[in-house]
Amino acid sequence: MSEKTRLPRLSLGCLGGTVSMQPASPGKGITPSLEGDDLLAAIPQLAALAEITSVTLCLLPSASLTFQIMLDVLAWARCEVERGAQAVVLTQGTDTLEESAYLLDRLWPYDIPLVMTGAMRAASQPGNDGPANLLAAVQVALSINSHGRGVLVVINDQIHQAAHVRKTASMAMAAFESPGCGLEGCVVEGRVLYRCSAAPRRVLAPPQRCDQRVALIEACLDADIALLETIPALGYEGLVVAGFGAGHVSAAWSEALARIARDMPVIVASRTGCGPTAGATYGFVGAEIDLQAKGVYMAGMLCPRKCRVLLWLLIGQSNPVVLPDWLAH
Ligand code: ASP
């Protein structure tokens, strides 16, 4: 057996994003254009680590990715595993990475890792981080210690769990954090180090349909309820509110949410960016005790954006919607 055939097989799927961007012509803004093989060509070290096949699944800025595209990406990744890939890596834009990683994580059925990465600097910029991030992502994907951890986001030599990762800076190189939870691990001199062993995972069945729509609205000071009230008539089937503090809204919003919750699942998360919603602390109208009594769910640790992804998946699975018991009611 040759050296080459003894290497693990890894599949790379590329979706676009800054990691694949460069200006179409000098002086123009950057747009996605580099294919998977172009990304691999910038990292000769990879040839010694794995037999990598790459596919450009799309070339989009991540703001234009959709749930349907991510389900197609999932189908491709599953197919690669069924065909013998020992690890799968995806590159995409960083702007929606926290949401797409969470969606894939809820549906990824294997112990084999699915690792996602991107870049904050374009391929055409000095000091671009794409090659280093892709190398680290491959190293994480190939580590036996990554098994059973679901979807991981590897960026800036840090490993984040899909459920916790957030983009917390718009332009900084260190743009990703897992607020309140900390890193899952890190990559040091090519070694993949984890802080703790893999935790049990809850994997959902894929949705039966994709036409459901879930609204996400942020509570803010002195906001009226006009927008909220339009939601049922617009055909939305679920609502997530990014609430104040521990998951709170105004008294007027509380009444509006009570009305909406009679027709569809309503979940209130925290807009703070870190920490859980409360369950039984505050007694004012619009706080968690009042909201739960009105049929509203509290998101717990899940941030509003990931909560919307979860609700979209759950609505697509069953009618009536079954919400998991760890969402406090
Ligand atoms: N700034 C973004 C990125 O990091 C653009 C995108 O999300 O595609 O890739």
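Bear in mind that the values in this text are calculations on the coordinates, not laboratory data. Here the structure is a predicted model, which means the values were calculated and not measured. For neighbour counting, all protein chains shown are included, and Cβ atoms are generated from backbone atoms with ideal geometry for every residue, glycine included.
Quick notes on this one:
- Residue within the stretch 40-55 that is surrounded by fewer than 18 Cβ atoms within 10 Å (Cβ to Cβ), in contact with a Pro (Cβ under 8 Å, 6 or more places away or on another chain) and farther than 18 Å from ALA141 by Cβ present: no
- The single condition among (1) surrounded by 14 or more Cβ atoms within 10 Å (Cβ to Cβ); (2) of a type in the set (Val, Ile, Thr); (3) more than 22 Å from CYS307 (Cα to Cα) that VAL214 does not satisfy is (3).
- So ARG78, is it of a type in the set (Lys, Arg) and touching an Asp or Glu at 6+ places or on another chain (Cβ under 9 Å): no
- Pairs with Cβ under 9 Å, 6+ apart, first in the stretch 315-327 and among the β-branched types (Val, Ile, Thr), second in a helix (DSSP H, G or I) and surrounded by 11 or more Cβ atoms within 10 Å (Cβ to Cβ): VAL321/LEU311; VAL321/LEU314; VAL321/ILE315; VAL322/LEU314
- GLN125 being within 16 Å of the ligand (Cβ to nearest atom) and buried (at least 21 other Cβ atoms within 10 Å of the Cβ): no
- Answer residue from the stretch 100-115, given it is farther than 25 Å from PRO131 by Cβ and within 16 Å of the ligand (Cβ to nearest atom) and is surrounded by the most Cβ atoms within 10 Å (Cβ to Cβ) among those: TYR102
- For the stretch 68-94, filtering for residues that are surrounded by 18 or more Cβ atoms within 10 Å (Cβ to Cβ) and within 16 Å of the ligand (Cβ to nearest atom) leaves 8.
- Scanning the stretch 19-37 for residues that are away from the ligand (no atom under 15 Å from the Cβ), in contact (Cβ under 8 Å) with a residue 24 or more places away in the chain and surrounded by fewer than 19 Cβ atoms within 10 Å (Cβ to Cβ) gives a single hit, GLU35.
One line per residue, one yes/no per condition, for (1) more than 25 Å from the chain's Cα centre (by Cα); (2) not in a loop (DSSP other than H, G, I, E, B):
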| site | (1), (2) |
| --- | --- |
| TYR236 | no, no |
| TRP253 | yes, yes |
| LEU257 | yes, yes |
| ASP263 | yes, no |
| ALA278 | no, no |
| TRP312 | no, yes |
| GLY316 | no, yes |
